[in-house]
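Novice: Let me give you the structure first, and then I'll get to my questions.
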Amino acid sequence: IEFRTNGQYASHEFQIQEFRRPEFEVSARQESVGPYVVGDAATVAVTASYFAGGPLPNADTNWLVTSTPTYYSPPGWPEFTFGTWTPWWYYDDFYYGGAEVEYIDFGFPGGPSVQVAETFSGLTNAGGEHFLQIDFEALEGNRPFTVRAEATVMDVNRQAWSSSTNLLVHPADLYVGLRSPSTFVEQGEPLEIEAIVTDIDGAAVAGTAVSIEAARLEWNYRDGQWREEAVDTQTCEVASAAEPVECSFSTDVGGTYEITAVLTDAQGNQNQSQLTRWVSGGKRPVQRNVTQESVTLIPDQEEYQPGDVAEILVQSPFSPAEGLVTLNHGGIVSTEQFALEDGSYTLQIPISEAHIPNLTVQVDLVGSAPRTDDDGEELPDVPPRPAFATGSLNLSVPPYSRELSIAITPQSDRLEPGAETAVSLTVTNANGQPVPNAEVALVVVDEAILALTNYQLVNPLDIFYRSQWSWTESRYGRNSIILANPERLSGADGAQAIEAPRAETDTAAFAVEEEMEEGEATADMDVAGTPAPSVAAQPGDDAAQTPIDLRTNFDPLAVFAPTSQTDAAGQAQVTFTLPDNLTRYRIMAVAVAGDNLFGAAESNLTARLPLMVRPSVPRFLNYGDQFELPVVVQNQTNESMEVEVVLDVTNLTLTAGAGQRVLVPANNRVEVRFPATTNSAGKARFQVAAVSGTYADAANGELPVYTPATTEAFATYGTLDEGAVAQPFVMPDGVIPGYGGLEINTSSTALQALTDAVLYLTSSRYDSADELASRILTIAALRDVLTAFEAEGLPAPGEMETAVIRDIETLEGLQNPDGGFPIWERNRESYPFHTVHVAHALAVAGQKGFTVPGEMQANVQSYLQNIESHYPSWYGQRIRWALSAYALYVRHLAGDSDFAKARALLDEAGIENMPMEALAWLWDILADDPASAEDVAAIRQFISNRAVETADAANFTTSYGDDAYLMLHSNRRTDGVILQTLINQTPESDLIPKVVNGLLAHRTRGHWGSSQDNVFILLALDSYFNTFEAQTPDFVAQIWLGQTYAGAQEFIGRSTDRYLTEIPMSYLAEEEMGDVIVSVAGDGRLYYRLSLNYAPTDLTLDPLNRGFVVQRTYEGVDDPEDVFQDEDGVWHIRLGARVRVRLTLVADNRRYHVALVDPLPAGLEPVNPALAVSQSVPQDPDTEDFPWWFWWNWYDHQNMRDERVEAFAALLWEGSYTYDYVARATTPGTFVVPPTKAEEMYSPDVFGRSSSDLVIVE
């Protein structure tokens, strides 16, 4: 979501996922109190409770405990290194491409670290809690480590959710820190190292023995590889003190030195720190320039409020000095000079409201310091050198005075679902006084939805009062001063003996030094800166004869009241009706008063019943599935209940009865399962009710039943001007009587022949930028004729227009700041073709009356006007010409004609070199330019000469070589583009009917190969039908099935009406049929379509390779025995187990825009790692560990849907690829699993599939 106003810009992102709504929450915590040290033990706990209240007793609990090395520095010693020091200029690891040294890990922190993991399991107690004791053992290297304890609790219906807590474990209760004055010294100079010993809280500890070693590192070739080894080790034994202690090491040999300090605490635990220093091999030249020094600034308080006076102690590295204090708050607020005489000075800075939320104080000092010789000794009788220093400090001024307090008072915090209630709000200011006319936004949301992302309400104070940058950069003239040799300055005439520096050498040195100083200054600045229906109860207890309220409204949003206004007492009230969820609702309120007062608050209320029924149906089913429908019955009272559970279903068959009687213990729950099978594809609906005495609950729901993946279809098209035609009909063997049938479509216009192509586009599975644009183009361009389409599956015209509006909004959210469009996600690379194609769709949509956001249109048109600047360097010349031609064509459609650029493009390429579809686009442009008549004639002649003709068909070909994928090119699309231009420019051409015939002949199952083919051909055929169908129909069509009369239809006058005669498969299977006979009597042409849809009784498919080899396997995650495949090839999965689904994809050639789609068994649900409550997905044990810099996925985008998992790649080189994900077996039964399929999205004839599978969850 983007918001722009007055030049300001803000954005917010949120996820769109398919998921199962959690019914309970899991919360992990630490029971014991830290800090923790090796040898200690800690207790962690997890609590599982329903959002509607009540614990989960006796629930399976699994702990995953991992320990990972980490870093810890005791507070108060920022200049010391604790643990292993990392050079700030180093990356974690280095890769050398040579044959001798392949991979070197320098051992600095931040690189790959070893993680240790262990698992534990148990059951929750009566309160829904489980406790785990963790004993801490030392890691190699005496390093601190983080222990992450993740608990996953699984309910009786196999729904599992997770939570975790982290513990920091110290290697000892003491730490040793190291520091040195410099990172390097000259060879021969001693290496001075200081050490300090502290406790965990940073307090210095005296009297602890510390062993410090300094070893030179040397590379040696051993065992076939280079190794870095420690040599010439020196040792220094010291006892710690309240102040740092020092060790000195000799540096007779230059190189890298590793300094390691080790101590042992009273419990015998060791801790160590390590840093690296360097010894140079030559003499360092004397520094001749003036270097910037640091000013120490110490505030008297941690934070301030308006009215306070901040006192800042200034400590200077030299004195006396002249100082300048600059106050910054989004720019310079004030400056003031001061004098510093004795090395320190105290600044007094009044704090005002204008300084909220922070104020940056910068102090700059100038003065002088003594000169030194080459050995660093102070020189007598020599003028001092110039000196300057700077320092900055950020003063925190929190906006306490601008915070509003909101008191949220629910009318009741425990309600029944569907109850009417109210929430009262009281808003007060920082002084506790009521705030009238405050605007309060109130949101009441199901906590289960918020838990999916661990959503936390953000206080608007934190948004509007973020820390202000100083927005000031300092430059210092003293950086440019070059000092003369100080020894030349001694003596009486020293002032005249200044040595002039050589221009080339010293100027270069100064330039480098100045750059360094500016970088340092910038770094300093950065630091500153409806009534429900009822279900009748089953016969039994008299009280149960009362109708049961049926819960039907499961909206997670109870209320959204964004503009409630407080009265004179600062109060407001919002009344609303709860949905029917059994859950806890979070009440969130955000208030604003005036232009600078803000506040936020939260509360909650619970919707629950004494007896609650929770259907846990799968998220979908496939036709042919046999399963057990789980229902959880929960008793929220203190007494056991005997409960009658009744299930009513539609489009399902209950194979073991519709009612059960169960005993539910007090404050507990029981799972009841109803065996069932699917009846047919479509929607399955259910109502479930539970009754016990006066207590009752009922809920309804629905889920999709998908068509088996093995459905097959056959269709044939024809025309008839007079007489009759007989089409042979043969009933296929082994079909399911309840699915499909014979459809006979008749029309007096060829528009009916477009049905399948339109269906192909409007039911596109993908939401990439080009697919969205193709759908918009199809519906927008054909909106005047689509109202005649009534084919099964084709949405109503109003629905399709709504879809166009939705797709435009989706594209608006995809548009990048450069005006271009990526394929899948905003802020990814903008693709030139996709951008032009979207612009094409927006131009046509605008012409057809759809609203296109002006800024969106303007930005994409700007991109098109300068499209050449967006081509990557590796784009081939023909691709560039074609993209420029397409962009010019779209600009022309949008009223932004650029004839000069079109002529220049044609001249640059030449007609012979220009791709055919690009010539067609240029022809449409230049035909409107009288000055381009000769070019238009030449293009017309060239295209006519390039047509490949037969007696009744014609087509065109063009080539982009290996770059064709950049244009999503196909020759069928080229035919469509050229056909539209021929109709526009030369409607008398005899090529037009031939191209139409050729295109119609190239359909497969009524449509063309890709969305690009279909959209451009449909655009052209729409023009053709509007131009060439001239005869007024006046005839009667009759249909016979053998000797059986099936129907008749009269066509009088012009109409795009299409009529459908359906003969169900159940009738066809019972009767012996003859040919399908269609006859016409009268004037006009009849267009007909015969289609047979059926599903074989054999729901299995063998693997198929038409460009891809695809394989799918299932593996147990936690126990290999959880999953196995029997001798018949049937997969068996333990109920509740986690399963790794492994997909293998082999491409035998380079492939473009690849979609890998894996349908799930309905008894499995994917574990989505994007959700905060999902259990951690373990790394695939068959995946090789690579260095962090080698991380890569072959796919660009992935989705986890209810019924399938998808992965997409724009470019896939030949080779073998794997994709895996983890799912959990949640529903018992036998499930049909359609094949995994890989295809080129824009060449669907290039595809591959695995075999279909049968999965038994038991």
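The values are calculated or read from the model by the stated rules, or taken from the named source; none is laboratory data. In this text the structure is predicted, and so the values were computed from the model without any measurement. Backbone-built Cβ (ideal geometry, glycine too); neighbour counts: all protein chains shown.
Novice: Tell me, please, whether a residue that is of a type in the set (S, T, Y), modelled with pLDDT under 90 and not in a loop (DSSP other than H, G, I, E, B) can be found in segment 1178-1196. Don't jump to the end; show me each part of the working.
Specialist: Here is the first cut: in segment 1178-1196, the ones of a type in the set (S, T, Y) are 1183, 1195.
Narrowing the set further to residues that are modelled with pLDDT under 90 leaves 1183.
Restricting the remaining residues to those that are not in a loop (DSSP other than H, G, I, E, B) gives none.
The answer is no, given that none of the residues of segment 1178-1196 is of a type in the set (S, T, Y), modelled with pLDDT under 90 and not in a loop (DSSP other than H, G, I, E, B).
Novice: Any residue that is part of a loop (DSSP other than H, G, I, E, B), among the hydrophobic types (A, V, I, L, M, F, W, C) and either in the same structural domain as A887 (by TED's automatic domain parsing) or surrounded by fewer than 18 Cβ atoms within 10 Å (Cβ to Cβ) (or both) - is there at least one of those in segment 931-946? Before the answer, list the steps.
Specialist: Initial filter on segment 931-946 (part of a loop (DSSP other than H, G, I, E, B)): none.
Taking every residue of segment 931-946 in turn, none turns out to be part of a loop (DSSP other than H, G, I, E, B), among the hydrophobic types (A, V, I, L, M, F, W, C) and either in the same structural domain as A887 (by TED's automatic domain parsing) or surrounded by fewer than 18 Cβ atoms within 10 Å (Cβ to Cβ) (or both).
Residue by residue, here is whether (1) surrounded by fewer than 17 Cβ atoms within 10 Å (Cβ to Cβ); (2) at pLDDT 65 or above; (3) not basic (K, R) holds:
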{"position": "G723", "(1), (2), (3)": "yes, yes, yes"}
{"position": "P728", "(1), (2), (3)": "yes, yes, yes"}
{"position": "N745", "(1), (2), (3)": "no, yes, yes"}
{"position": "A753", "(1), (2), (3)": "no, no, yes"}
{"position": "I776", "(1), (2), (3)": "no, yes, yes"}
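Novice: Follow-up question, since we're still on this one. Within segment 1134-1142, does at least one residue satisfy the condition of being over 30 Å from Q1038 (Cβ atoms) and modelled with pLDDT under 90? Let's see the steps before the verdict.
Specialist: Within segment 1134-1142, the subset over 30 Å from Q1038 (Cβ atoms) is 1134-1142.
Pick out the ones that are also modelled with pLDDT under 90 and you get none.
Looking through segment 1134-1142, none of the residues is over 30 Å from Q1038 (Cβ atoms) and modelled with pLDDT under 90.
Novice: Keeping to segment 346-364, report how many residues are closer than 27 Å to E403 by Cβ and part of a strand (DSSP E or B). Walk me through how you get there before you give the answer.
Specialist: Taking segment 346-364 first, the residues closer than 27 Å to E403 by Cβ are 349-361.
Checking the rest, the ones that are also part of a strand (DSSP E or B) come to 349-350, 358-361.
Looking only at that region, the number is 6.
Novice: Okay, moving on. Which condition number does N58 fail, the rest of (1) at pLDDT 90 or above; (2) under 30 Å from T296 (Cα atoms); (3) of a type outside the set (F, W, Y) being met?
Specialist: (2)
This table checks each residue for (1) crowded, with 19+ Cβ neighbours inside 10 Å; (2) at pLDDT 70 or above; (3) among the basic types (K, R).
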{"position": "G734", "(1), (2), (3)": "no, yes, no"}
{"position": "L761", "(1), (2), (3)": "yes, no, no"}
{"position": "S764", "(1), (2), (3)": "no, no, no"}
{"position": "A780", "(1), (2), (3)": "yes, yes, no"}
{"position": "D784", "(1), (2), (3)": "no, no, no"}
{"position": "T787", "(1), (2), (3)": "no, no, no"}
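Novice: Also, quick follow-up: Do any strands (runs of 3 or more DSSP E) entirely within segment 112-231 hold 2 or more residues that are hydroxyl-bearing (S, T, Y), and if so, which?
Specialist: Values: elements: 116-123, 129-135, 145-154, 160-170, 174-179, 184-186, 191-199, 209-222.
Once the strands (runs of 3 or more DSSP E) in segment 112-231 are filtered for at least 2 residues that are hydroxyl-bearing (S, T, Y), what remains is 116-123, 145-154, 160-170, 209-222.
Novice: When D818 is evaluated against the numbered criteria (1) modelled with pLDDT of 80 or more; (2) more than 24 Å from the chain's Cα centre (by Cα); (3) in a loop (DSSP other than H, G, I, E, B); (4) not hydroxyl-bearing (S, T, Y), which criterion, by number, is the only one it fails?
Specialist: Failing condition for D818: (2).
Novice: Another question, if that's okay. Suppose we filter G1129, G1116 for residues that are among the small types (G, A, S), out of contact with any Cys (no Cβ under 6 Å at 6 or more places or on another chain) and on the phi > 0 side of the Ramachandran plot; which single one remains? Outline the logic, then answer.
Specialist: On the way: G1116 fails: on the phi > 0 side of the Ramachandran plot.
Answer to the check: G1129.
Novice: Just to verify a result, which residue in segment 320-345, among those that are assigned to a loop (DSSP other than H, G, I, E, B) and either hydrophobic (A, V, I, L, M, F, W, C) or surrounded by fewer than 18 Cβ atoms within 10 Å (Cβ to Cβ) (or both), is nearest to the chain's Cα centre (by Cα)? Outline the logic, then answer.
Specialist: The first filter runs over segment 320-345 and keeps only residues assigned to a loop (DSSP other than H, G, I, E, B), leaving 320, 329-331, 341-343.
Filter once more, keeping what is either hydrophobic (A, V, I, L, M, F, W, C) or surrounded by fewer than 18 Cβ atoms within 10 Å (Cβ to Cβ) (or both): 320, 330-331, 341-343.
On the way: P320: 58, G330: 33, G331: 36, E341: 59, D342: 58, G343: 55 Å.
Of everything passing the filter in segment 320-345, G330 is nearest to the chain's Cα centre (by Cα).
Novice: Further question: Checking the structure you have, find out if any residue of segment 1127-1135 is closer than 30 Å to G1047 by Cβ and part of a strand (DSSP E or B).
Specialist: Taking segment 1127-1135 and keeping what is closer than 30 Å to G1047 by Cβ, we get none.
Checking segment 1127-1135: not a single residue is closer than 30 Å to G1047 by Cβ and part of a strand (DSSP E or B).
Novice: Restricting attention to segment 55-83, report how many residues are buried (at least 20 other Cβ atoms within 10 Å of the Cβ), hydroxyl-bearing (S, T, Y) and within 15 Å of Q272 (Cβ to Cβ).
Specialist: Count: 1.
Novice: Return a yes/no flag: does segment 921-944 have any residue that is within 25 Å of H1007 (Cα to Cα) and within 46 Å of the chain's Cα centre (by Cα). Before the answer, list the steps.
Specialist: Within segment 921-944, the subset within 25 Å of H1007 (Cα to Cα) is 921.
Then drop every residue that is not within 46 Å of the chain's Cα centre (by Cα), which leaves 921.
Yes, some residue in segment 921-944 is within 25 Å of H1007 (Cα to Cα) and within 46 Å of the chain's Cα centre (by Cα).
Novice: Condition first: in a loop (DSSP other than H, G, I, E, B) and under 11 Å from I943 (Cβ atoms). Now tell me which residues in segment 982-998 satisfy that. Lay out the reasoning, then the answer.
Specialist: From segment 982-998, those in a loop (DSSP other than H, G, I, E, B) are 986-990; that's our starting set.
Matches in segment 982-998: T986, S989.
Novice: Follow-up question, since we're still on this one. Return a yes/no flag: does segment 631-643 have any residue that is within 30 Å of A1095 (Cα to Cα), out of contact with any Leu (no Cβ under 6 Å at 6 or more places or on another chain), of a type outside the set (A, V, I, L, M, F, W, C) and not assigned by TED's automatic domain parsing to the domain that holds Q456.
Specialist: Pass one, segment 631-643, residues within 30 Å of A1095 (Cα to Cα): none.
No.
Novice: Right, something else. Looking only at segment 232-258, filter to residues that are in a loop (DSSP other than H, G, I, E, B) and of a type in the set (S, T, N, Q); which one of those is modelled with the lowest pLDDT?
Specialist: Step one: filter segment 232-258 for residues in a loop (DSSP other than H, G, I, E, B), giving 240-244, 250-254.
Still in the running and of a type in the set (S, T, N, Q): 240, 250-251.
Values: S240: 95, S250: 93, T251: 89.
My answer is T251.
Residues are listed down the side, and each one gets a yes or a no for (1) part of a loop (DSSP other than H, G, I, E, B); (2) hydroxyl-bearing (S, T, Y); (3) within 30 Å of V670 (Cβ to Cβ):
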{"site": "V26", "(1), (2), (3)": "no, no, yes"}
{"site": "R29", "(1), (2), (3)": "no, no, yes"}
{"site": "G39", "(1), (2), (3)": "yes, no, no"}
{"site": "S49", "(1), (2), (3)": "no, yes, yes"}
{"site": "A52", "(1), (2), (3)": "yes, no, yes"}
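Novice: Of all residues in segment 248-270 being of a type in the set (A, V, I, L, M) and more than 14 Å from Q234 (Cβ to Cβ), which is surrounded by the most Cβ atoms within 10 Å (Cβ to Cβ)? Before the answer, list the steps.
Specialist: At the first step, the residues of segment 248-270 found to be of a type in the set (A, V, I, L, M) are 253, 259, 261-263, 266.
With the extra rule that they be more than 14 Å from Q234 (Cβ to Cβ), the set shrinks to 262-263, 266.
Details: V262: 16, L263: 23, A266: 9.
Looking at residues that are of a type in the set (A, V, I, L, M) and more than 14 Å from Q234 (Cβ to Cβ), I get L263.
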